2 protein chains.
Amino acid sequence: MSTDLPGSPTLEDVARVAGVSRATVSRVINGIRNVAPEIQEAVNRAVATVGYVPNRAARSLVTRRAGAVALVVSGAGDERPSEARVFADPFFGRVAGGILGFLRPRAVHPVLMLAETPEARDEVIAFIRQGSADGALVVSAHGEDPLPGLLAAAGVPAVLWGRPARPVPISYVDLDQRLGAALAAGRLVERGRRRVATISGPPGLPASQDRLSGFREAMARSGHPYVPDAEGDFSVTGGESAMRRLIADHPGLDGVFAANDLMAEGALRALRDRGLRVPEDVAVVGFDDAPAAAQCLPPLTTVRQPMEEMAAEMARLLLAHVDDPGLEATSRVFRPTLVVRGSA
Amino acid sequence: MSTDLPGSPTLEDVARVAGVSRATVSRVINGIRNVAPEIQEAVNRAVATVGYVPNRAARSLVTRRAGAVALVVSGAGDERPSEARVFADPFFGRVAGGILGFLRPRAVHPVLMLAETPEARDEVIAFIRQGSADGALVVSAHGEDPLPGLLAAAGVPAVLWGRPARPVPISYVDLDQRLGAALAAGRLVERGRRRVATISGPPGLPASQDRLSGFREAMARSGHPYVPDAEGDFSVTGGESAMRRLIADHPGLDGVFAANDLMAEGALRALRDRGLRVPEDVAVVGFDDAPAAAQCLPPLTTVRQPMEEMAAEMARLLLAHVDDPGLEATSRVFRPTLVVRGSA
DNA sequence: GTGAAAGCGCTAACAG
DNA sequence: CTGTTAGCGCTTTCAC
């Protein structure tokens with residue numbers, strides 16, 4: 001007999017109740033046409049009465065689709081401590097939000113993974129090779145992250161957030177960082193600032209490098225060949241101490257470009273502590289347009305990075321690669337915009 | 001023939017190469033004894049040469065284990081916007097970190113889910129019923145979150161972060177909030193503070209309520225029956241404005257207990273802006289011992305909540321429920337400790 | 001100690 | 001338009 005123990009109802013059960021075959025039930029469940037309306041009706045009723053819900057493993061086994069993707073946070077330091085730091089960054093939150101927004105309507109679920117150690121990296125690729133996920137979405141905290149290379153070598157579908165430091169045949173989504181930096185420079189120059197400095201991000205990240213060099217080049221084009229910089233780490237406290245160093249080393253400062261909003265927030269704080277007014281004494285421009293940017297005092301003028309859209313695009317690209325394994329690696333570069341608020 | 005297309009190698013392939021049967025390979029893979037050492041050797045070699053990696057769907061189909069759990073962020077508002085906010089809170093990062101730390105060595109993966117709408121909630125329980133995950137770990141932002149009730153009704157293994165507002169037969173992990181609040185009160189009293197106020201969290205959360213009433217009761221026991229409060233929302237800016245209100249309404253204030261560190265940080269900022277010194281003029285005690293607490297100026301005296309351990313315990317409890325469906329719902333309440341730094 | 005065989009629940013040809 | 005028939009890759013009795 002097939003009326004077993006509690007085990008949740010299967011297609012077979014639904015079929016029996018509806019008085020049709022498993023195949024027909026399957027067709028109805030998967031929304032395939034060519035099924036008489038009356039039968040569809042009967043099947044749906046049967047599904048409801050037995051409380052049927054399709055078994056994902058069985059389905060995956062035959063469709064060869066997991067309906068899941070790995071959301072990998074990579075190279076953010078190592079071991080436990082890092083975990084908290086990465087997730088705590090509002091940046092990750094926005095990216096995750098954008099990805100979920102795209103994946104959800106498509107019934108694809110993100111599996112959170114950390115890839116800080118060689119073993120963890122192997123685990124990520126094994127995870128995909130064993131069919132637990134159809135591909136990987138990776139957010140690296142380091143330009144030298146070896147994961148993209150491993151993914152490419154394994155021939156696993158993957159999309160990166162940001163261009164990797166060294167070329168890898170993998171799709172990625174990025175922002176035109178240099179343009180963003182130029183926007184910031186333009187604003188500062190437009191506001192008549194002559195002694196401008198910058199607080200840069202972690203030098204290992206291509207995004208940091210591009211923002212720094214892009215800013216310097218734009219300033220140079222405007223006749224300001226010398227732009228000192230203090231290195232930060234993309235955190236509020238990092239920005240705060242960088243700003244302090246800048247104030248100490250360059251007393252006459254009247255403009256600052258911080259490579260992200262968190263550091264800009266720290267800079268604002270340091271400036272306030274020193275009794276310097278923003279934007280009167282020192283104008284400040286941030287980068288990202290993080291949620292907190294509008295809450296700063298004064299509200300932060302910043303370069304907006306459409307993170308949610310970029311994140312959604314990552315997801316879209318990944319699913320495209322999953323659907324068509326032959327697809328060439330591509331890159332999508334978004335344009336930043338300047339959001340003018342009170343700080344500059 | 002079985003030498004098909006590229007399709008990744010299966011047990012069959014390994015068996016052929018090793019010259020044994022599928023069953024034997026399976027035993028070796030799953031570390032079951034009763035296999036001659038020499039054969040184990042041969043199998044392992046074969047696994048390596050063909051690059052075998054077990055197919056998770058096939059395995060799940062028979063073992064009835066997904067090897068995954070849903071990590072649900074629930075009731076944090078609704079729709080897209082919320083997503084970013086929740087993840088951005090350092091609180092979520094630490095919890096996620098603690099969970100991952102426990103799950104990883106056990107080869108269980110967390111699938112990120114949001115449950116803000118009724119449909120999203122149904123999706124969560126369907127997700128588990130279809131075998132995509134073995135259970136749910138849920139972090140609610142609202143005491144009235146309906147998800148725990150649905151989970152319990154569906155008989156799905158689940159563990160909550162924090163006691164639900166209304167009793168639900170579900171396991172949860174919590175902190176002794178009242179003891180934590182008493183610790184804060186004790187410190188303030190010990191430092192001779194006589195005009196003490198508190199910045200409370202979202203009133204809908206049991207944790208907020210317990211910290212508030214626990215603090216008031218402890219203060220009352222020390223002879224301070226009146227403790228005004230200003231409501232915050234667990235964010236820095238919320239704490240900042242609450243502090244401003246408190247200063248305005250209660251000029252003589254000399255001590256403040258903020259229901260979390262983010263708000264304490266905001267309070268510090270508001271106090272500094274008003275030219276009040278901490279701890280000389282006003283002593284401040286926070287709650288959580290967030291990573292940023294030590295970075296504040298002055299470093300924050302706070303009530304430490306062992307979030308990572310609590311999170312790990314959630315995961316442990318969930319796996320226990322998965323292994324033994326008959327297990328009764330239990331609760332594990334952790335004890336907070338006081339971390340004395342500069343602010344009080 | 002090892003192999004043969006029976007499914008787990010589902011989808012996808014292929015007939016009819 | 002619907003049913004029959006094969007498996008997907010793996011674990012797991014049950015014999016040997």
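The values are calculated or read from the model by the stated rules, or taken from the named source; none is laboratory data. Computed from a prediction, not measured in an experiment: that's the story for all the values here. Methodologically, a virtual Cβ is constructed for each residue, glycine included, from the backbone with ideal geometry; neighbour enumeration extends over all protein chains shown. Calculation scope for accessible area: heavy atoms of the full protein, side chains included, ligands and nucleic acids excluded. Shrake-Rupley method; radii C 1.70, N 1.55, O 1.52, S 1.80 Å.
Summary of computed values
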| item | result |
| --- | --- |
| Copies compared at residue A:277 - label distances in nm, ascending, label defined 7 Å from Cα in the Cβ direction | 2.8 |
| Residue range of chain A that is longest and free of GluC sites (Glu not before Pro) which are both DSSP loop and sparsely packed (at most 15 other C-beta within 10 Å) | A:1-143 |
| Carbon + sulfur, % of accessible area of chain A - ligands and nucleic acids excluded, 1.4 Å | 53 percent |
| Cα gyration tensor category, rounded, prolate or oblate, for region B:177-304 with a/c compared to 1.5 | rounded |
| Shortest-first distances to equivalent copies, position residue B:342, nm, label 7 Å out along Cβ | 2.7 |
| For region B:155-174 versus region B:195-262, the gap between their alpha-carbon centres in whole angstrom | 27 Å |
| Where region B:177-304 is the region considered: accessible area per residue in Å², 1.4 Å probe | 37 Å² |
| Three-way shape call for the protein assembly as shown based on the alpha-carbon gyration tensor, with the a/c threshold at 1.5 | oblate |
| Across the identical copies, how the residue B:31 labels are spaced - nm, sorted shortest first, 7 Å along Cα→Cβ | 4.3 |
| Buried solvent-accessible surface, both chains (B, A), 1.4 Å probe, Å² to nearest 100 | 3900 Å² |
| Reciprocal mean inverse distance between Cα atoms of chain B - Kirkwood radius, Å | 22.6 Å |
| Chain B - percent relative contact order, Cα under 8 Å, separation 6 or more | 16 percent |
| Cα shape, region A:255-326, gyration tensor, a/c 1.5 rule | prolate |
| Histogram of C-alpha separations across region B:11-63, 10 Å bin width, % | 27, 57, 17, 0 |
